[in-house]
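Just so it is clear, none of the values below were taken in a lab; they were calculated from the coordinates. Quick caveat: nothing in here was measured; it's all calculated off a predicted structure. Note: ideal-geometry Cβ built from the backbone for every residue, glycine included; neighbour counts use all protein chains shown.
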Amino acid sequence: MRVLTLSIVFAIALYFGFMVLFFVTQSSLLYYPSHTYTTLGEAHANPAFREISIRTTDGIDLNAWYAPATSKPITIVFFHGNADSLATAAQIADPYIAAGYGFMLAEYRGYSGLAGKPTENGLYLDARAQLNRLKALGVPEEDIVLYGHSLGTGVAVQMALEVRVGGLMLLAPYLSVPKIAQVSFPFFPCSLLALDRFDNERKIGNLHTPLLIANGSRDEVVPDSQGKKLYALANDPKEFHSLANRGHNDAFDDFAPLSLDWLRRKVVQT
């Protein structure tokens, strides 16, 4: 009996030890920033891009890559996933720039060699500063379409709550960080432990802008069921696509043509 009691105590202590470890290391599990800056030339970025400097209200200096619109009135602002950077996201812009849209690659504090440490509130400050910079360049907020991928969908949803943008595109969106963490850590009470939450599920019903959602049917990181639930909670006008046989990071080529079609039908002519 004593051995059994000790075993139970040890198992409980081990569980709580791992839970504490999860809590204190959660930032490193959520954010995977690149610590080096890559120039436009080194990234083989579209020649339409130019680098612009931005300062946040809390004094962080950021860079973004911006290509002005040529034949369309809309400028797309892209918020990337937790392991991407300006350099890795640069090619995503090509089909939109080719179609005449403006495109801004937003960057977060702590990523691409920039100063600061990423947090939920910090990323919101970064996004606000970049949208304000875009408006200062002469782009009206109603001519801005926000495009988020993975982690960036949480940033895009929050900005859509704050700014009267022309549309919102979400690729591989999740319900919230606690609910996506629960998929990978089913034995921890993630809803109680998560500090950065990016609660798309709670916010999506408060949006009233044209919305496009797409998830890969074989997404190994964010189950497509989470995107489908967000779609069910969202207001019209909305559209959902399941991208057949696509995972978390290989859906951009499929998403580009359907999003260009959606932009033409739902945003540009409105």
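Evaluate the charge dipole of the chain about its Cα centre and quote only its size in Debye, nearest 20, assuming +1 on the Cβ of each Lys and Arg and -1 on the Cβ of each Asp and Glu.
Here the size comes out at about 500 debye.
Of the residues 242, 88, 184, the one whose Cα sits farthest toward the positive end of the charge dipole of the chain, with +1 on the Cβ of Lys and Arg and -1 on the Cβ of Asp and Glu, is 184. Couplings for the range 29-34, taken from phi via the Karplus curve 6.51 cos²θ - 1.76 cosθ + 1.60 with θ = phi - 60°, read 7, 8, 10, 10, x, 7 Hz in order; Gly and Pro are left as x.
The 3J(HN,Hα) values that the Karplus relation (6.51, -1.76, 1.60; θ = phi - 60°) gives for the range 198-203 are, in residue order, 6, 7, 4, 4, 6, 8 Hz. Gly and Pro appear as x.
For the range 88-196, what is one quarter of the convex hull surface built on the Cα atoms, given in nm²?
Over all viewing directions, the range 88-196 projects a mean Cα-hull area of 7.9 nm².
Seen against the Cα atoms of the chain and their longest principal axis, helix 224-233 is set at about 70 degrees. Projecting the Cα positions of 5, 214, 139 onto the charge dipole of the chain (unit charges on Cβ atoms of Lys, Arg, Asp and Glu, taken about the Cα centre) puts 5 furthest along the positive direction.
Its convex hull of Cα atoms gives the range 44-137 a direction-averaged projected area, equal to a quarter of the hull surface, of 5.7 nm². Annotation: lysines with alpha-carbon distance below 29 angstrom to residue 135 (same-chain offsets under eight excluded): 72, 117, 203, 238, 266.
Assuming charge only on the beta carbon of Lys and Arg (+1) and of Asp and Glu (-1), the dipole of the range 99-251 about its Cα centre is about 200 debye to the nearest 20.
Per-residue ellipticity at 222 nm from helix content only, as computed over the chain with -39500 (n - 2.57) for each DSSP H run of at least four residues, stands at -11000 deg cm²/dmol.
Under 11 Å from the Cβ of residue 144, count the other residues' Cβ atoms, weight Lys and Arg +1, Asp and Glu -1, and hand me the total.
The answer is -1.
Computed over Cα pairs, the Kirkwood radius of the range 136-241 leads via Stokes-Einstein (1.306 mPa s, 10 °C) to a diffusion coefficient of 113 µm² per second. Once the Cα atoms are used to define both axes, helix 2-24 deviates from the longest principal axis of the chain by about 20 degrees.
Between residue 136 and residue 70, the FRET efficiency estimated from the beta carbon spacing at R0 = 22 angstrom works out to 0.65.
Counting only alpha carbon atoms, the long axis of helix 252-262 and the longest principal axis of the chain meet at about 50°.
How large is the charge dipole for the range 162-252, taken about the Cα centre, if only the Cβ atoms of Lys, Arg (+1) and Asp, Glu (-1) carry charge, to the nearest 20 debye? Present the calculation step by step, with values, prior to reporting the outcome.
Numbers: 10 positive and 10 negative charges, 33 e Å.
About 160 debye.
Two-decimal Rg/Rh of the chain from alpha-carbon positions, Kirkwood Rh?
That ratio equals 1.02.
Here the peptides 50-58, 64-72 are ranked by packing, the mean other Cβ count within 10 Å, and the order with the highest first is 64-72, 50-58.
In the frame of its principal axes, the range 128-189 has Cα extents of 50, 18, 15 Å, reported largest first.
Taking the DSSP beta bridges in the chain as the whole, what percent of them are antiparallel, to the nearest 5?
Of those bridges, close to 25 percent are antiparallel.
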